[in-house]
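What follows is a single structure, written as structure tokens, with notes after it.
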Amino acid sequence: MASRLSTPLSVPTEDEFDLFTAMAALTDPVRRAIVHEIAQNPGGACSSSDFGVSKSALTRHWRVLREAGIIRQEVDGTRHRNWLRDEELDRRFPGLLTLVLEEHAAQLASDFADPPPSGLG
């Protein structure tokens, strides 16, 4: 029986990138966190963090990013290794990924600087 990892993954070519599909993929905060993590640690495995969601939800987030052309995944044994397709994205949509990463970092800094108020006890 063939492994589920032996099936080729659906990945658009650079010419097939769609701006609105990429933007929709990047609107989700979990997917932005995934993109940020890959930018910090290229080639990391999908299982390196759970990002606060279930395994099935995380699998869907990886698929959405891959099918939007944001990331590429390579099978390495029983794992998928992940890289941003930053050069391709920048050629197709100049500055998009840089802007998303900068805004995500700014939001993280703001969240860290202004933690939510603690509950009354």
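The values are calculated or read from the model by the stated rules, or taken from the named source; none is laboratory data. Owing to the predicted nature of the structure, the values given are computational and were not obtained by experimental measurement. Positions of Cβ are generated from backbone atoms using ideal geometry, with glycine treated the same way; all protein chains shown enter the neighbour counts. Side chains are part of the model used for accessible areas, which takes the heavy atoms of the whole protein and leaves out ligands, DNA and RNA. Shrake-Rupley method; radii C 1.70, N 1.55, O 1.52, S 1.80 Å.
Values as computed for the structure displayed
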{"read-out": "Hits in the range 55-88 - residues which are within 19 Å of P42 (Cβ to Cβ) and of a type in the set (G, A, S)", "value": "A68, G69, G77"}
{"read-out": "Tabulated pairs, the range 92-104, first surrounded by 18 or more Cβ atoms within 10 Å (Cβ to Cβ), second assigned to a helix (DSSP H, G or I) and basic (K, R), C-beta under 8 angstrom, 6+ apart or interchain", "value": "V100/R32"}
{"read-out": "Residue match in the range 8-18 (condition: at pLDDT 90 or above and touching a Pro at 6+ places or on another chain (Cβ under 9 Å))", "value": "yes"}
{"read-out": "Filtered residue count, the range 33-59, keeping only those that are touching a residue at least 40 places away in the same chain (Cβ under 8 Å) and more than 12 Å from L84 (Cα to Cα)", "value": "1"}
{"read-out": "Hey, L58 buried (at least 17 other Cβ atoms within 10 Å of the Cβ) and at pLDDT below 90 or not", "value": "yes"}
{"read-out": "Single condition S49 does not satisfy, out of (1) small (G, A, S); (2) open to solvent by less than 40 Å² (accessible area, probe 1.4 Å); (3) at pLDDT below 95", "value": "(2)"}
